[in-house]
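Comments concern the structure below.
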Amino acid sequence: MRSLLAIWPRWLARRHTLWLALVLLVAALLVTLIWLAGRYEAEQMISNAERDASDAASDVRAGLTRNVQSLQALRTTLGQWPQDAQDVLRSRREIRRLEWRGSDFEKIASASSPYQLDTPAAEAASAARSAELALIDGASGELQQVCKRALRLSGPSYAPSHFSPVGAGLGHELMEMCLPLLQAGKHQGYLVAVYSLQGLLIELVNPAVRRGHELAFTEPDGTRLAIYGQAQRTGRMFSGQQLLDLPGNTLVIRVDSWRSKPDLFPNVLTALVTFMSIALIAVLVLLGRDIVRRLRAERELGEALAFRKAMEDSLVTGLRARDMQGRISYVNPAFCNLTGFGAHELLGQQAPMPYWPPELMDEYQQRQAIRLSGHLPAREGYESVFMHKDGSRFSVLVFEAPLIDAQGLQTGWMSAILDISEQRRMEELSRASQERVQASARLATMGEMASLLSHELNQPLAAISSFATGTVNMLENASHLPKEDVSHALARIAEQAERAGKVIKSVHDFVRRRESKHEDVAPKALFDAVMPLVQLQARKLHVRVQLADLDGQPDVRVDRTMVEQVLLNLARNAIQAMHATPRSQRLLHIRVRKLSASPKWLEFSVADRGQGIEEEIAKQLFTPFFSTKADGMGLGLSLCRTVVEQHGGFLRFEPNHSGVSPRGTVFVFTLPVAFTDVNAATVVAD
Ligand code: ADP
């Protein structure tokens with residue numbers, strides 16, 4: 001336990017570090033996953049933008065190729081060309097102007113897109129058109145080079161784009177395309193188409209690509225030439241570029257797309273990962289709480305166990321558990337101390353146990369068999385004798401109870417064993433001293449009675465003496481001896497001597513110390529023993545003694561000597577209490593009766609007509625050495641109560657209401673009835 005306490009804080013610190021590491025790792029994992037998911041999504045957006053740029057480039061390329069085919073289909077006759085050119089311009093909005101030039105580059109015919117005049121700023125548009133023309137004319141050298149290259153290629157050739165202002169800072173980025181006109185392999189001239197770069201984006205790029213994107217033609221260095229679409233400049237932008245390599249000119253198509261806000265959950269994957277991570281953390285927290293709860297429960301259990309062990313170890317009561325087969329499954333240190341055997345010598349032992357005295361082995365075997373057959377022992381326990389390892393015997397009090405497990409099933413027997421050998425020794429000592437006190441009390445009583453005794457003995461002795469004197473006189477004087485008279489006198493002498501002997505014997509019987517033992521005695525026998533002494537005192541104080549209901553009462557199981565002492569004490573106190581009562585009213589009434597409420601008890605009452613007991617005196621009545629008499633020892637009543645209580649009965653007193661006028665006191669005590677049942681009860685008067 002101590003080592004566990006020592007490593008506890010270290011272990012706790014380690015546990016905290018582990019938890020911290022786990023939480024940090026999960027947090028790092030979560031952040032990494034979100035970052036990776038975000039990155040993945042950004043890459044997706046970029047590749048989408050690049051794919052869109054590539055689609056846009058191929059759309060433009062395809063549109064330009066289609067346009068070349070339409071332009072090649074134009075009929076090169078002066079009558080037809082304008083009409084055909086107008087048709088082409090109407091269906092191809094991206095072409096702003098068409099020119100037919102001869103092989104020497106002279107302008108034969110030209111046509112402008114009808115849509116340019118549709119704009120509200122018509123004036124600005126026409127200015128732009130003339131500016132375009134001027135530009136073309138002005139740049140004819142450059143255009144001629146383009147056309148010559150077209151001729152060389154026998155296909156379309158494109159000029160670098162240029163800005164054509166329309167005023168107010170506005171303008172168009174235009175690009176010329178030159179197509180050589182060949183008829184039956186013969187060079188007929190050139191067809192020049194002027195493209196608006198923005199028109200190319202609007203007309204040729206698939207609307208699906210245009211939606212939600214900003215499309216732009218840029219130069220390789222990034223300069224924007226034409227833009228289509230509304231740029232949202234908030235949030236994150238992803239761009240894709242694609243080269244549009246045209247014969248004679250290279251443009252870059254750039255696609256910009258946005259994500260309006262940086263999302264916390266950029267996509268489903270991230271959301272899923274985040275959700276799973278949160279679930280993981282929640283599970284970890286729940287697990288953590290569960291572990292904390294378990295640890296707390298473990299700690300509490302450990303403390304409870306340690307407390308129980310300390311309790312069991314410090315108990316002075318021996319504890320022993322046996323299973324259903326009678327094998328010892330547990331003993332506490334107190335039990336080992338009692339018997340002198342170690343726990344290892346006792347555990348698993350079966351009857352006969354090593355602490356059973358050999359002489360009682362059979363009895364204990366039977367007792368154990370009864371117990372194992374499921375017979376419940378008495379709640380108040382039973383006395384037994386155990387043997388120490390050194391062979392000495394000692395008395396124990398054993399309390400046994402069924403051992404019930406958590407499921408409510410009996411798994412054995414639990415016993416608590418108390419060493420009562422010391423208690424027995426003390427009881428023996430106290431009994432012996434009690435006996436000595438009793439003997440002293442009897443002697444003291446006799447001391448008090450010595451004068452009464454001398455008075456009582458005086459009469460028979462005087463009678464003996466006078467009969468003896470008379471007989472002697474008769475023997476000396478008479479010539480003839482009256483035989484009857486002598487024998488009569490001698491008989492009277494013998495009678496008086498016997499009477500004196502009886503008085504002395506009764507005193508001797510009472511004073512003689514008898515062995516204390518419980519026996520079944522008839523109440524009458526108890527009174528017979530003490531009545532001569534009671535009568536002695538009663539006669540002196542002129543008290544009448546009345547005994548009631550003595551015959552026919554059941555025997556009582558008592559220590560005879562002690563109970564006789566109680567009767568004598570109470571009778572003597574009663575007689576003495578009546579010294580101030582008018583002689584005619586001095587009555588000592590002793591009665592015995594069965595209690596109907598508890599038939600196991602017999603009630604004795606000693607009633608007097610004395611002065612009664614005042615409240616002040618009543619409080620101290622049973623205190624040893626309390627006496628109101630000049631020569632009193634004050635031990636009588638306390639002794640009486642001890643004796644009665646030792647027999648399991650009780651002693652009480654109350655005012656005597658039995659007379660004409662209430663007077664005196666009644667002392668009442670109970671004694672246990674012997675097992676033999678005697679029902680008859682007759683009234684016997686003195
Ligand atoms: P002792 O008789 O030596 O005084 P007891 O213990 O027998 O000692 O009695 C204690 C006191 O109780 C007596 O001194 C007396 O005052 C009182 N007492 C006992 N019995 C009676 C009685 N029947 N009536 C009145 N007083 C009594």
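Report the full-extension gain for the segment Gln144 to Ser596: residue separation times 0.36 nm, less the Cα-Cα distance, to one decimal in nm.
Between Gln144 and Ser596, full extension yields 147.4 nm more.
Starting from the amide H of Lys107, placed 1.01 Å from N in the peptide plane, find each other amide H under 5 Å away whose residue is 5 or more places distant or on another chain.
Gly102
Within the set Lys502/Lys524; Lys502/Lys629; Lys107/Lys186; Lys524/Lys600, which residue pairs have Cα atoms separated by over 28 Å?
Lys502/Lys629
Among Ser661, Ser395, Ser112, what is the fewest-to-most ranking by other Cβ atoms within 10 Å?
Going from sparsest to densest Cβ surroundings: Ser661, Ser395, Ser112.
Quick one: which residues, 5+ away or cross-chain, put their amide H under 5 Å from the amide H of Leu587? H built at 1.01 Å from N.
Residues meeting the criterion, in which the H sits 1.01 Å from N, are Arg544, Arg609.
Leu429 versus Leu170, label points 7 Å from Cα toward the beta carbon: distance in nm?
My value for the distance between the label points is 13.1 nm.
I need the calculated FRET efficiency for the pair Lys505 and Val437, taking r as the beta carbon distance and R₀ as 22 Å, to the nearest 0.05.
Calculated transfer efficiency: 0.35.
Could you check the spin-label model distance between His579 and His375? Points 7 Å from the Cα along Cα→Cβ, value in nm.
The two pseudo-label positions are separated by 6.1 nm.
To the nearest 0.05, what FRET efficiency results for Arg51 and Leu272 with a Förster distance of 22 Å applied to their C-beta separation?
Computed FRET efficiency for Arg51 and Leu272: 0.30.
Give a quick list of chymotrypsin sites (Phe, Trp or Tyr not before Pro) in segment 578-632 that DSSP marks as loop, anything other than H, G, I, E or B, with at most 14 other Cβ atoms within 10 Å.
Loop-located and lightly packed - Phe625.
Taking the simple approach of a point 7 Å from Cα along Cα-to-Cβ for both Ala494 and Asp390, what is their distance in nm?
6.6
Want the number for Glu106 to Asp520: 0.36 nm per residue separation, take away the alpha-carbon distance, what's left?
So the chain would gain 132.4 nm between Glu106 and Asp520.
Can you tell me the length gained on complete extension of the stretch Ala184 to Leu20, counting 0.36 nm per residue apart and subtracting the Cα distance?
Answer, rounded to one decimal: 50.3 nm.
List the trypsin sites (Lys or Arg not before Pro) within segment 581-638 that DSSP assigns to loop and that have no more than 11 neighbouring Cβ atoms inside 10 Å.
Counting only loop positions with at most 11 other Cβ atoms within 10 Å, the trypsin sites (Lys or Arg not before Pro) in segment 581-638 are Lys629.
What residues qualify as long-range amide H neighbours of Tyr195, i.e. H under 5 Å apart, gap of 5 or more or another chain, H built at 1.01 Å from N?
Arg96, Met175, Glu176, Met177
Bear in mind these aren't lab numbers, they're just calculated from the coordinates by the rules spelled out. Predicted, not measured: the structure shown is a model, and the values here were computed from it. Please note: Cβ atoms are built from the backbone with ideal geometry, for glycine as well, and neighbour counts cover all protein chains shown.
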